[in-house]
């Protein structure tokens with residue numbers, strides 16, 4: 001093997017771990033694999049986006065590299081492959097961007113992927129989290145800003161995805177002033193529809209399900225159309241907590257192996273907490289209990305009060321703002337009782353904060369990583385228990 005084939009002193013392994021060619025000049029902040037597992041994106045603090053393909057020798061090679069944002073690139077997600085090669089990013093420049101592959105452009109030209117849609121938050125607060133969902137040819141986008149504004153968008157043209165319209169927006173935890181560190185995150189359920197128990201309990205089959213977190217709280221929302229011609233609207237269904245542990249990331253388990261829902265939370269105390277979310281119902285769904293808390297649709301605040309402008313910054317301000325939830329929305333739609341229970345608490349040995357979690361495609365296993373740089377992999381066993389089956393990273 002020649003020196004040219006050795007990267008940072010490490011020889012690439014054909015069927016094992018491999019260093020990526022032209023690795024980022026700064027810390028990698030986000031990564032995403034496509035559904036086929038043959039493409040990957042790395043986004044980093046050097047403002048760059050790097051796309052990699054697997055070649056005929058099963059090695060990862062650079063497909064293209066370009067400056068994607070005018071600040072660090074914070075998150076990236078592929079959008080359904082049935083629509084073409086699309087992916088989305090958010091950056092520290094307060095931009096959400098949607099990218100499409102231009103097959104007429106050469107690889108490594110810096111023009112292989114083109115930005116076809118760019119948007120800044122209407123409230124001038126940076127994006128901190130987003131999620132996409134595709135059902136057949138329908139695409140949905142949910143965004144969450146640093147001050148807690150949750151928005152749902154749909155494309156005006158599902159083929160081009162070049163223009164989007166907002167369907168609803170709310171503040172699940174109330175509007176938080178500048179300087180608040182509430183750690184807002186969101187995760188969209190990726191299954192085609194709600195879980196079977198939720199359907200039996202009366203949830204609309206076309207409902208979109210998502211979880212939103214702040215501090216030590218997770219709220220479950222269903223986006224539902226009150227009438228056939230109406231836009232989707234957010235309805236708060238449930239609220240659960242991780243006692244005092246602050247939440248850094250949440251992930252709704254995919255797949256349809258279970259009749260209920262499972263949500264994982266990566267926490268600041270070095271744990272990953274697994275929650276079971278269920279909807280009690282009679283066998284025919286006729287005896288469902290009504291317990292939903294609809295939320296008031298709201299746009300960004302027109303002006304902050306003097307109290308808001310002078311509010312304390314940091315975690316204390318986040319805790320103080322947790323009680324400022326959305327006002328009740330008129331009309332009740334599919335009010336179905338939800339129940340939750342923490343069923344597992346997975347611990348990292350060093351007790352350092354856990355920052356990222358990711359489920360595999362069927363929701364039977366997940367990976368987590370924290371401050372020590374190690375990746376821990378957990379699998380659900382018989383009886384609903386979770387055991388660690390692999391670990392990789394620095395010694």
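Worth a mention:
- When only alpha carbons are used to place a centre, segment 125-188 and segment 67-81 end up 15 Å from one another.
- FRET efficiency for the pair residue 61 and residue 282, taken as 1/(1 + (r/R0)^6) with r the Cβ-Cβ distance and R0 = 45 Å, rounds to 0.20.
- Here the residues 20, 113, ranked from fewest to most Cβ neighbours within 10 Å of their Cβ, fall in the order 20, 113.
- Stretch gain in nm, segment residue 391-residue 124, where the contour uses 0.36 nm per residue and the Cα spacing is subtracted: 92.1 nm
- Full-stretch length increase - residue 244, residue 230 - with 0.36 nm per residue and alpha-carbon distance subtracted: 1.1 nm
- Estimated from the Cβ-Cβ distance and a Förster radius of 35 angstrom, the FRET efficiency linking residue 156 and residue 181 is about 0.50.
- Each 10 Å bin from zero up to the one holding the largest Cα-Cα distance in segment 98-222 carries the following percent of pairs: 11, 36, 32, 17, 4, 0.
- Full extension of the segment from residue 103 to residue 345, taken as 0.36 nm per residue of separation minus the current Cα-Cα distance, would add 82.6 nm.
- Model label zone, residue 137; criterion: amide N under 20 Å from point 7 Å along Cα-to-beta-carbon; scope segment 180-203: 192-193
- Fewest-first ranking of 240, 345, using other Cβ atoms within 10 Å as the exposure measure: 345, 240
Every number here is computed from the coordinates shown, using simple stated rules; none is lab data. Given the structure is predicted, the values throughout are model-derived calculations rather than measurements. As a convention, Cβ positions derive from the backbone with ideal geometry for all residues, glycine included, and neighbour counts pool all protein chains shown.
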